[in-house]
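Remarks on the structure that follows.
The values are calculated or read from the model by the stated rules, or taken from the named source; none is laboratory data. In this text the structure is predicted, and so the values were computed from the model without any measurement. Please note: Cβ atoms are built from the backbone with ideal geometry, for glycine as well, and neighbour counts cover all protein chains shown. Just the protein is used for accessible areas: all its heavy atoms, side chains included, with ligands, DNA and RNA removed. Shrake-Rupley method; radii C 1.70, N 1.55, O 1.52, S 1.80 Å.
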Amino acid sequence: MGEYRSLLISSLTRVLGEWTAPEFLSSVVAREGIHLDPPAIVVVTILAQDGPQRPSSLAARLVTGASNISKIIKRLGETGLAVRGADPQDARAHLVRLTPAGHQIASAFVRAGDGLVDELLAGWNEADRLAFVSLLQRFEAATVRLSAQLSADAASASTGEEPHQPQGEQP
């Protein structure tokens, strides 16, 4: 009866593994004529989606160190895709932002992703595509809620407070 859980986890693990593999990322964007290394692809994507970032924030999101993120930012700068500038909220800090060329590359990433999805869902009818998106969005929202709750529980545990109990559950 509960076998779907193992099948779901297995499928998600496989999809995430494929989609985050460096060769996969590079191959997908290469279809648009873009030849960047995978960490640079990720940084451009983050900057396009979330706007200018401090190098320390980028390093945390890529789970890497300051030295490595500096090298990635340098490569993006040398190719004219990103620049460092002052942080208007903190004169001691810098922000990395995309240049107009960087935004064009990010748009090409979107086109590459759209093409990939079209290819992966070839043969699916419109109702199945819409159902898949709807269910995946529900799963995503539940994941985000649980992640926030787990973070809050971890913070409570570190301060000695009682963890949050989901509605309807008693300790």
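For the chain, calculate the relative contact order in percent as a whole number, restricting contacts to Cα pairs under 8 Å that are 6 or more residues apart. Show your work: numbers first, answer last.
Numbers: 121 pairs, mean separation 28.0, N = 171.
Relative contact order here is 16 percent.
Quick one: with all protein chains in place, what share of the accessible area of segment 1-100 is carbon or sulfur, to the nearest percent (1.4 Å probe)? Mind showing how you got there, number by number?
Numbers: 3770 of 6410 Å².
Of the solvent-accessible surface of segment 1-100, carbon and sulfur hold 59 percent.
Report ³J(HN,Hα) in whole Hz for each residue of segment 51-62, in order, from the Karplus equation J = 6.51 cos²θ - 1.76 cosθ + 1.60 where θ = phi - 60°; Gly and Pro get x.
Running phi through 6.51 cos²θ - 1.76 cosθ + 1.60 with θ = phi - 60° gives x, x, 9, 6, x, 5, 5, 4, 4, 5, 5, 8 Hz.
Report, by chain and number, residues whose modeled amide H sits under 5 Å from the one on LEU95, excluding near sequence neighbours (fewer than 5 apart, same chain).
The answer is GLY85, ALA86, ASP87.
Quick one: ranking PHE139, PHE24 by accessible area, 1.4 Å probe, largest first, what do you get?
Result of the area sort, largest leading: PHE139, PHE24.
Please report, in debye to the nearest 20, how large the charge dipole of segment 82-133 is about its Cα centre when each Lys and Arg carries +1 at its beta carbon and each Asp and Glu carries -1 there.
380
What value, in deg cm²/dmol to 500, does the helix sum -39500 (n - 2.57) over DSSP H runs of n ≥ 4 give at 222 nm once divided by the residues of the chain?
Theoretical 222 nm ellipticity from helices: -22500 deg cm²/dmol.
Work out the length of the dipole vector of segment 49-171 about its Cα centre, built from +1 on the beta-carbon of each Lys and Arg and -1 on the beta-carbon of each Asp and Glu, and round it to the nearest 20 debye.
Here the size comes out at about 760 debye.
With a ≥ b ≥ c the root eigenvalues of the C-alpha gyration tensor of segment 56-170, is it rounded (a/c under 1.5), prolate (a/b larger than b/c) or oblate?
oblate
Considering only protein heavy atoms, what per residue accessible area in square angstrom results for the chain with a 1.4 angstrom probe?
With all protein chains present, the chain gives 70 Å² per residue.
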